[in-house]
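Following: one structure in structure tokens, then a few remarks.
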Amino acid sequence: MNDQKKVNIGIIGLGTVGKGVLKILNNIENIISTKTGGEIIVRKIVNRTLNKNWASYFNFDFDFYKTILSDNVDDVLDDPEIDIVVELIGGYEPARIIIVKALENKKHVVTANKAVLAKYWDEINAVSKKNNVLLYFEASVGAGIPIIQGLNEGLASNKIEMICGILNGTTNYILTKMLNDKINFSDALKMAQEKGFAESDPTFDIKGIDSVHKLAILASLAYHINIDIDSIYKEGIDEIKVEDVDFAYKELGLVLKLLAIAKKTKNGLELRVQPVFISKKHLLASVENEFNAVYIIGDATGEIMFYGKGAGELPAASGVVSDILYVAKHINNETANKTQFVSIADYKRLNILDIDEVETCYYFRFEVSESPGALAQIAGILGRHKVSIASCYQHENIY
């Protein structure tokens with residue numbers, strides 16, 4: 001076995017996902033050579049907080065050597081023996097700098113960082129192509145759900161008509177609790193934080209920003225265009241009232257979800273992240289708590305849904321390790337510098353619709369005084385703005 005091919009990796013970021021990567025690599029050690037044609041060696045691990053929490057990084061039930069730990073990213077980026085850089089620190093900076101430098105140093109990159117990819121895709125992809133190295137990012141959307149490979153390879157023969165996804169586990173957990181437990185938004189958020197499903201600062205989740213990042217990646221793959229995240233309309237869930245969630249379910253048979261939607265129309269590409277009522281018979285309506293799901297309609301396949309845990313140590317690490325294995329296989333087969341995992345280019349310009357150009361159904365709830373003609377006045381105002389009423393429910397003091 002001494003003549004077996006070896007691929008060296010350097011991991012930058014030893015948080016929850018980083019630790020999960022180490023666990024999975026250890027668990028599959030005896031089958032790595034079967035999957036890749038050689039060994040995978042963790043040559044260096046970098047974490048900026050090692051000096052503060054040094055001992056905590058050795059709480060593993062397998063061999064872990066202190067000598068491979070560092071708090072200097074250059075120990076990975078400048079090491080000529082490292083073939084793959086695994087970026088797991090998240091955020092925009094210094095993640096962008098780290099990824100770009102790794103690619104410039106002709107190292108293949110695996111990342112789970114949806115934010116940096118969504119915002120800086122043009123730059124990162126250009127550097128990857130220029131240096132003829134691979135960039136893999138399966139865990140950036142849906143953690144362990146193989147949606148990136150699914151779109152890029154499994155559905156390559158399809159024209160994607162629509163993507164509709166529950167891409168954020170925090171918001172899905174909150175909305176599930178609001179529906180099932182009849183609690184308000186702030187209490188549901190607090191519960192999510194106590195369970196570890198929400199950060200102490202949940203802004204990116206509840207405002208829809210996290211879902212925007214993920215939608216930008218999925219839509220770029222599906223429609224082969226570079227998508228500016230600022231072109232995606234977004235609304236969060238922080239203004240949602242439990243009264244509406246409960247009423248819509250009981251009276252209308254609808255379930256509220258924060259959906260990320262990409263839809264190709266005759267007028268252009270519809271891109272939006274917002275709370276949406278869907279029929280409780282729809283496949284996405286049954287996706288509860290912290291789970292994610294991506295519902296896709298292809299012209300050849302019809303309806304398809306990818307479902308699973310969209311976050312967490314092992315689900316996210318599963319996507320990262322899968323990418324490491326794919327890249328290692330390319331290296332061992334000597335095809336890593338002869339292929340690109342994904343190529344996104346504006347070969348066909350699509351018009352991105354403004355939200356004012358999107359036609360859809362909307363739900364309104366009005367609280368009015370008990371006076372004759374109130375409903376007629378509302379109908380008149382809507383009519384003057386060319387808004388037709390599909391149905392109307394009038395209840396007295398239901399809450």
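The values are calculated or read from the model by the stated rules, or taken from the named source; none is laboratory data. Just so you know, these numbers come straight off a predicted model, no measurement behind them. All Cβ positions, even for glycine, are placed from backbone atoms using ideal geometry, and neighbour counts span all protein chains on display. For the accessible areas, the whole protein counts, side chains as well, though only heavy atoms, and no ligand, DNA or RNA atoms are used. Shrake-Rupley method; radii C 1.70, N 1.55, O 1.52, S 1.80 Å.
Most tightly packed first, judged by the mean number of other beta-carbon atoms within 10 Å of their residues, the peptides 220-227, 350-357 read 220-227, 350-357.
A dipole drawn for the stretch 221-296 from +1 and -1 charges on Cβ atoms has a positive end, and of 293, 240, 222 the residue lying farthest that way is 222.
Short to long, the 10 Å bins of the Cα pair-distance histogram for the stretch 113-247 hold 11, 36, 30, 17, 4, 1 percent of all pairs.
By accessible area, using a 1.4 Å probe on protein heavy atoms only, the stretch 118-274 has 46% of its surface on carbon and sulfur.
How would the stretch 195-319 be classified by its alpha-carbon gyration tensor: rounded, prolate or oblate, with rounded meaning a/c under 1.5 and the a/b versus b/c comparison settling the rest? Note, shape of the stretch 195-319 comes out rounded.
Around residue 387, with a cut-off of 14 angstrom between Cβ atoms, what is the net charge of the other residues, counting Lys and Arg +1 and Asp and Glu -1? Numbers along the way, then the final one.
Working: positive: 384, 386; negative: 356, 359.
That sum, taken over residues with Cβ under 14 Å, equals 0.
Counting Lys and Arg as +1 and Asp and Glu as -1 over every other residue whose Cβ lies under 11 Å from the Cβ of residue 36, the net charge comes to +3. In the structure shown, the pairs 114/177; 119/257; 195/329 are assessed against 30 Å; a Cα-Cα span above that value is assigned to 195/329.
What is the helix-to-structure angle for 185-195, meaning the angle in degrees between its Cα long axis and the longest Cα principal axis of the chain, kept from 0 to 90 and rounded to the nearest 10? Approximately 20 degrees, to the nearest ten.
Spatially, the stretch 166-191 and the stretch 222-289 are offset by 15 Å when compared through their Cα centroids.
Between the helical axis of 95-104 and the longest alpha-carbon principal axis of the chain there is an angle of about 40 degrees. Charged side chains reduced to their Cβ positions (Lys and Arg at +1, Asp and Glu at -1) give the chain a dipole of some 700 debye around its Cα centre.
Each Lys or Arg adds one and each Asp or Glu takes one away; over the other residues whose Cβ falls under 12 Å from the Cβ of residue 358, this sums to -3. The angle between the Cα long axis of helix 313-332 and the longest principal axis of the Cα atoms of the chain comes to about 50 degrees, rounded to the nearest 10. Helix-only arithmetic for the chain: the sum of -39500 (n - 2.57) across DSSP H runs with n ≥ 4, divided by the residue total, places the mean residue ellipticity at 222 nm at -10000 deg cm²/dmol. Projecting the Cα atoms of 157, 262, 94 onto the charge dipole of the chain, computed from C-beta unit charges around the Cα centre, puts 157 farthest toward the positive end.
Within the assembled protein chains, the solvent-accessible surface assigned to residue 178 is about 0 Å², based on a 1.4 Å probe.
The solvent-accessible area of residue 265, taken with every protein chain present and a 1.4 Å probe, is close to 40 Å². As a size descriptor, the averaged projected area of the C-alpha convex hull of the chain was calculated at 22.2 nm².
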